[in-house]
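Colleague: One structure coming up, written as C-alpha cells, with questions to follow.
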Amino acid sequence: MRQKLRRTRKAMGWTAEWVAKQIGISRRMYVFIEQGSRNPSLCVANKLEDLFGIPQRELLVLDSNAKSFVAKGDNETR
C-alpha cells in the first residue's frame, strides 16, 4: 500500500474524492492508486506531486513493510 500517500492526504484533511477532483480522475481510480492496486499515469503522478508538494519518488514509493503477493499458481494464500 502507498501508506504515505494516504497518511499525507489525511493529515491535510483532504478526502479521496476531493483529491480525485483536483487531479481530474475518478475517486475510485484515486483509491486504487492509494491502495497500490493501480499505478498512476505520468500526468496523474505529476498532478499528485504538485498537489501534495512532495516528489513523486517519495509520495508513490511502496512502503518497505508492504505485503508481497504470491504469484498465481502457488498454493499459498495471500
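The values are calculated or read from the model by the stated rules, or taken from the named source; none is laboratory data. Quantities reported herein were computed from a predicted structural model and do not represent experimental measurements. Keep in mind that these areas ignore ligands, DNA and RNA; they rest on the heavy atoms of the full protein, side chains included. Shrake-Rupley method; radii C 1.70, N 1.55, O 1.52, S 1.80 Å.
Colleague: Tell me which residues, restricted to the stretch 1-25, are hydroxyl-bearing (Ser, Thr, Tyr) and open to solvent by 60 Å² or more (accessible area, probe 1.4 Å).
Modeller: The one that is hydroxyl-bearing (Ser, Thr, Tyr) and open to solvent by 60 Å² or more (accessible area, probe 1.4 Å): Thr15.
Colleague: Does Arg28 count as open to solvent by 100 Å² or more (accessible area, probe 1.4 Å) and part of a loop (DSSP other than H, G, I, E, B)?
Modeller: Against the criterion (open to solvent by 100 Å² or more (accessible area, probe 1.4 Å) and part of a loop (DSSP other than H, G, I, E, B)), Arg28 does not qualify.
Colleague: Does the stretch 31-40 include one or more residues that are assigned to a loop (DSSP other than H, G, I, E, B), modelled with pLDDT under 85, open to solvent by 60 Å² or more (accessible area, probe 1.4 Å) and of a type in the set (D, E, K, R)?
Modeller: No; the residues of the stretch 31-40 include none that is assigned to a loop (DSSP other than H, G, I, E, B), modelled with pLDDT under 85, open to solvent by 60 Å² or more (accessible area, probe 1.4 Å) and of a type in the set (D, E, K, R).
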